[in-house]
Amino acid sequence: MSEIRYDFGGGRSDPGTFPAEALKAAAIKVFDEQWRQMNDYPGGLGHAGMRAAMAQRESDRESVAVDPDHLILTNGSMQGVTLTAEALQDNPGDTVIVEEFSYPGTLGAYRSLKYDMVGIRLDEGGMRMDHLASELERLEAEGRRPRFIYPISTYQNPTGFVMPRDRRLEMIELARRYDIPIVEDNCYADVHYEGPVEPAIYALDDDPRHIYLCSLSKILAPGLRLGYILARPPMLGKILARRHDAGSNFLAAAIVAEFYRDGIWSHAGVANAALKTKRDLTTAGLKQELEDVCVWSNPVGGLFIWVRLPDDVDRSKLRTLTLERGFNYLVGSSFHYRGKDVPYIRLAFGHLTHEQISEGIPVLARCIREARTSNEPRGFDSLFM
Ligand SMILES: Cc1ncc(COP(=O)(O)O)c(C=O)c1O
C-alpha cells in the first residue's frame, strides 16, 4: 500500500477553520478563573457553563426551551450512543431498530452489547416509514418489541439525507403506538449548508422516553471529545445510573464553553462555508469524471457523499487499486447493519485540501473504470435499489 494522499475515509472537521488562537485565549482565562474546580471530579452531568452553552445551542436551533440540567456531557457523542444502549437494554439479544446503512461506530457498539439489529430501508428522506411500520408489526407479532429506534435523521451518515418533518411525525406516532423510545443521533447538527433545517424529534414531541445525542466533533473538532445526551427524568436518571466514570473532561468543556460565550453560530458560519466549498468541489469532480457510471448524494449538510457503484465493479479490485494509488474511502459494507457487501462507497470531504479533492476524484474515477468488467453506462438512476 502506498502513502495515502487522498484520504476520503474518516469524517472529520476542517482543520483550516480550527480556532486555535481563540481556544488558547479561552484556555488561559479558564486556568485563571476555574483552576480550583479542576481539583474536583466533574460529576455525572458535567461542566455547568458548557451545559448552558449547549442548551442555548439547542434552543437557538429548535426554538424550544432546553433545560441545562437535562444535559449530560459525554466523551464525544459515541459515549452517548453506548450509555443509552446500555441503559435501555434488558438482556443480550434484545432487538433494536437501525437504518439499513448507519454509523459503523454505533453498529459496532450494538454488536458488542449483543443487540439484535433490524435494519430499515432508506431513501432520499432517510428511514422509510412504510418499512418501519411493517417491521414493527412483524416484530410485535413475534413478541419482539424493540428496545428503541436509532435514527440519524439529519445529514444521515453515510447518505447525507435529511428526514423531512412529516416523516419525523410519522416516526413519533409509530414509536407512541408501540411504546418505543427514539434515540435520535444528531451528531452532524449545525453542519448545515443550505435548505430548511428540520426540527429535532425532541422539539416535536416532549415524550420523556425519547433521547437526543449531539456532538462538538463535527462543528468544532473531534479531538476535543465533547458530546452530550439530552434526556428528561426518569430516563435521565436511568442513563446516569450507567455512568461510572465520574464525569467527562472538565478542562475541554470549560475551554469550549468560554470559546462559545456568544453562541456557536459565528464559528459555525465560518466552518460551514469552508466545508460547503469542499462538498461542491467533490460533487463537481464526480460529475465531471463519473456521471455516466455512478450516482451519488448531494448532501445539504454533514460531511459525507454516498456513491453507488455499478454492479460490475470488482469491489476488492477497486479497494486494492485505490490504496495502491493513495486514495482511501470507506467501503459500503462497514455501514450495512449486517456487514453485507454492497455496491456503495462513502466519501468524507471535510478534512482534505482543495488540491487533494481536485486531484483525488480523477484517481478514484480511473480506478472505478479499471475495476469494471464492461464500459457500459450505468443501468440505474437512483441511489437506492
Ligand atoms: C452518526 C454518528 N454518531 C456518533 C458519532 C461519534 O462522534 P463523536 O463521538 O466524535 O461525537 C459519529 C462519528 O462519526 C457519527 O457519525
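Here, each number is a calculation from the coordinates, and none is a lab measurement. Everything numeric here is computed off the predicted structure, so don't read it as measured data. No Cβ is skipped: glycine too gets one built from the backbone with ideal geometry, and neighbour counts run over all protein chains shown.
List every residue whose amide H lies under 5 Å from the amide H of I182, counting only residues 5 or more places away in sequence or on a different chain, with H placed 1.01 Å from N in the peptide plane.
Excluding prolines and chain starts, which carry no amide H, the hits are I149, H210, I211.
Label-point separation (nm) for E370 and K114, each offset 7 Å from Cα along Cα-to-Cβ?
4.6
Put +1 on the Cβ of every Lys and Arg and -1 on every Asp and Glu Cβ in the chain; which of I172, H267, N91 then has its Cα farthest towards the positive end of the dipole?
Selected residue: N91.
What is the fewest-to-most order of H70, H47 by other Cβ atoms lying within 10 Å of their Cβ? It would help to have the intermediate numbers written out before the result.
Details: H70 21, H47 27.
In increasing order of surrounding Cβ atoms, one gets H70, H47.
Please give the contour-minus-distance gain from A273 to Q37: 0.36 nm per residue of separation, less the Cα-Cα distance, rounded to one decimal in nm. Don't jump to the answer; show the numbers that get you there.
On the way: separation 236, 0.36 × 236 = 84.96 nm, distance 3.65 nm.
Gain on extension, A273 to Q37, equals 81.3 nm.
Relative contact order of the chain, please, whole-number percent, based on alpha carbon pairs below 8 angstrom and at least 6 residues apart.
With pairs under 8 Å counted, the relative contact order is 27 percent.
For segment 54-71, in order, what is each residue's ³J(HN,Hα) by Karplus, 6.51 cos²θ - 1.76 cosθ + 1.60 with θ = phi - 60°, in whole Hz (x at glycine and Pro)?
For segment 54-71, the Karplus curve yields 6, 5, 5, 4, 5, 4, 4, 6, 9, 6, 10, 6, 10, 7, x, 7, 9, 9 Hz.
Below 16 Å, Cα to Cα, which aspartates and glutamates can K317 reach? Residues fewer than 8 away in the same chain don't count.
Within the straight-line cut-off, K317 pairs with D341, E370.
Can you give the extra length, in nm with one decimal, that the chain gains between L323 and A25 once fully stretched, where that is 0.36 nm per residue apart less the Cα-Cα distance?
Working: separation 298, 0.36 × 298 = 107.28 nm, distance 4.07 nm.
Full extension from L323 to A25 adds 103.2 nm.
Taking the Cβ of each residue in W306, W35 as the centre, tally the other Cβ atoms inside 10 Å and list the residues starting with the fewest.
W35, W306
Can you give the extra length, in nm with one decimal, that the chain gains between S63 and D166 once fully stretched, where that is 0.36 nm per residue apart less the Cα-Cα distance? Numbers along the way, then the final one.
Numbers: separation 103, 0.36 × 103 = 37.08 nm, distance 1.80 nm.
Contour length minus Cα-Cα distance gives 35.3 nm.
Among Y212, C187, M235, whose Cα sits farthest toward the positive end of the charge dipole of segment 173-287 (+1 at Cβ of Lys/Arg, -1 at Cβ of Asp/Glu, about the Cα centre)?
Highest projection toward the positive end goes to C187.
Whole-Hz ³J(HN,Hα) for each residue in segment 215-221, computed from phi via Karplus 6.51 cos²θ - 1.76 cosθ + 1.60 with θ = phi - 60°, x for glycine and proline: what do you get?
8, 9, 5, 9, 8, 10, 5
Suppose each label sits 7 Å from its Cα in the direction of the beta carbon; what would the K287-N91 distance come out to in nanometres?
Rounded to a tenth, the inter-label distance reads 5.5 nm.
Under 5 Å between amide hydrogens, which residues at least 5 positions from T74 or on another chain qualify, with H placed 1.01 Å from N in the peptide plane?
Residues meeting the criterion, in which the H sits 1.01 Å from N, are G227, Y228, I229.
Between R378 and S358, how many nm apart are label points set 7 Å from Cα along the C-beta direction?
Output for this residue pair reads 2.5 nm.
Where a ≥ b ≥ c are the square roots of the eigenvalues of the C-alpha gyration tensor, would you call the chain rounded, which needs a/c under 1.5, or, failing that, prolate if a/b is larger than b/c, or oblate?
Taking the square roots of the gyration eigenvalues as a ≥ b ≥ c, the chain is oblate.
Using +1 on the beta carbon of Lys and Arg, -1 on that of Asp and Glu, and nothing else charged, what's the dipole of segment 302-360 about the Cα centre, debye to 20?
On the way: 8 positive and 7 negative charges, 58 e Å.
Here segment 302-360 has a charge dipole of around 280 debye.
Using the crude model of +1 on Lys and Arg Cβ and -1 on Asp and Glu Cβ, and no other charge, please compute the dipole size for the chain relative to its Cα centre, in debye to 20.
Details: 45 positive and 54 negative charges, 147 e Å.
Using Cβ point charges on Lys, Arg, Asp and Glu, the chain gives about 700 debye.
Got a sec? Charge dipole of the chain, +1 on Cβ for Lys and Arg, -1 for Asp and Glu; which of T154, H354, L136 is way out at the positive end?
H354
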